[in-house]
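Right, one structure below, let's go through it.
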Amino acid sequence: MKVKEFITVLTEHKGKELLFSYAQDQLIGSNYHLTEVKNVQFDTTDCGGKTNFWEETHFQLWESPSELGKSSYMTTDIIAAIIAKVDGIKPIKQGTELKFEYGNDIFATSVMPVKEIEFDEKRVYVKLFAEATRCKAEDVCGLSAVDRDAESPIFEQQKPKIKHSSSQAMSSCEPNSGCC
């Protein structure tokens, strides 16, 4: 979901409580706050030598220990106002992919995209999901996707390939060498 699409959801559902789920049947507490908005740039090189560049926007959610047991959630209006305030100070790249950063005592901090959004008369429910890591150089390293349409990508398991040579040490990662 793009930032601008999320903002549209907020404006179309004014005054509703905004709830986030980070796992099946696990809601972020009603004591959450939107604490930071990050314009993030990724400039990477994968194990096959391919360079990649992309941008995302991350909204950081945090549960305030002093507000445990709070009965109501932040509303779409409050979140929209925070986003507008931030955008006025440092423009948010509204065409970028939006992800939410969250963690608690039982869930390691993760950066999660939006899986889906549902709503009723009083609330908007944002369902997040944790993305599995994957090899971006499958074609070079010899990995293949078992099921590209699954919610969490699953890749074929391969036994580690360790090559020992008494005459020369492996000095680089060559395609299909098993080093990545």
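Quick grid of which residues meet (1) among the small types (Gly, Ala, Ser); (2) assigned by TED's automatic domain parsing to the domain that holds HIS13; (3) modelled with pLDDT of 95 or more; (4) out of contact with any Gly (no Cβ under 9 Å at 6 or more places or on another chain):
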| residue | (1), (2), (3), (4) |
| --- | --- |
| PHE42 | no, yes, yes, yes |
| TRP54 | no, yes, yes, yes |
| THR75 | no, yes, yes, no |
| GLN94 | no, yes, yes, yes |
| ASP105 | no, yes, no, yes |
Output for segment 121-146, where each listed residue is at pLDDT 95 or above and over 16 Å from the mean Cα position of the chain (by Cα): GLU121, LYS122, ARG123, VAL124, TYR125
Which residue is modelled with the lowest pLDDT, if the candidates are limited to segment 1-15 and must be of a type in the set (A, V, I, L, M) and farther than 20 Å from LYS122 by Cα? MET1
Picked from segment 46-63 (must be of a type in the set (S, T, N, Q) and within 15 Å of MET112 (Cβ to Cβ)), the residue surrounded by the fewest Cβ atoms within 10 Å (Cβ to Cβ) is GLN60
Name the residue that is surrounded by the most Cβ atoms within 10 Å (Cβ to Cβ), counting only residues in segment 116-126 that are part of a strand (DSSP E or B) and in contact (Cβ under 8 Å) with a residue 24 or more places away in the chain. VAL126
Segment 82-111: number of residues that are within 20 Å of LEU19 (Cβ to Cβ) and exposed (fewer than 13 other Cβ atoms within 10 Å of the Cβ): 3
When both residues are 6+ apart or on different chains and their Cβ atoms are under 6 Å apart, which pairs have a first residue that lies in segment 75-93 and is at positive phi, and a second that is of a type in the set (A, V, I, L, M, F, W, C) and surrounded by 16 or more Cβ atoms within 10 Å (Cβ to Cβ)? none
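The values are calculated or read from the model by the stated rules, or taken from the named source; none is laboratory data. Bear in mind the structure is a predicted one, so any value in this text is a computation, not a measurement. Every residue, glycine among them, receives a Cβ derived from its backbone with ideal geometry; neighbour counts consider all protein chains shown.
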